[in-house]
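The values are calculated or read from the model by the stated rules, or taken from the named source; none is laboratory data. On a predicted model such as this, the values are computed, not experimentally measured, just so you know. Cβ placement follows ideal geometry from the backbone for every residue including glycine, while neighbour counts extend to all protein chains displayed.
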Amino acid sequence: MYFYRRLRDLRLDHDFTQQYVAMFLHTPQSQYALYEAGHRELPMHHFVSLARLYNVSLDYLAGLSDTPRTLDGTPYKISRT
C-alpha cells in the first residue's frame, strides 16, 4: 500500500477533515490534499507530526509495515473496514 492511501485511511478513521489535518501541520489544505493524493512528497517533519497525531509508528505510516502499531509498540485498532 502506498503511504498516501494510508494517510487518507487514518484521517477517515479518526473522522478528521483534510482542513483539520492541514491546520495541524500548519500547511494549506490544498497542499495537504496533494500529499494525500500522492502528487507531492510529504516532508519528514510532517510524517513525524502525523505519526504523533494518529499515534501510529512511522514504519506503518510510511507503508513499510502492514502491522499497525502505536508509538509505544502496542497493536493499533483500526475501526474502519
- Message: So, residue 40, is that one surrounded by fewer than 19 Cβ atoms within 10 Å (Cβ to Cβ) and not in a helix (DSSP H, G or I) or not?
- Response: yes
- Task: Select from region 1-15 the residues that are touching a helix residue (DSSP H, G or I) at 6+ places or on another chain (Cβ under 8 Å) and over 13 Å from residue 56 (Cβ atoms) and write down the one among them that is modelled with the highest pLDDT.
- Result: 8
- Task: Identify the residue in region 68-77 that is closer than 22 Å to residue 15 by Cβ and either at pLDDT 95 or above or in a loop (DSSP other than H, G, I, E, B) (or both) and, among all such residues, is farthest from the chain's Cα centre (by Cα).
- Result: 74
- Message: As an exercise: evaluate residue 65 against (1) assigned to a loop (DSSP other than H, G, I, E, B); (2) surrounded by 16 or more Cβ atoms within 10 Å (Cβ to Cβ); (3) hydroxyl-bearing (Ser, Thr, Tyr) and give the number of the one condition it does not meet.
- Response: (2)
- Would you point out which residue out of 51, 22 is of a type in the set (A, V, I, L, M), free of Cβ contacts under 8 Å to residues at least 12 places away in the same chain and touching a helix residue (DSSP H, G or I) at 6+ places or on another chain (Cβ under 6 Å)? 22
- Only one of these is among the aromatic types (Phe, Trp, Tyr) and either touching a Phe, Trp or Tyr at 6+ places or on another chain (Cβ under 7 Å) or in a loop (DSSP other than H, G, I, E, B) (or both): 20, 4, 60. Name it. 4
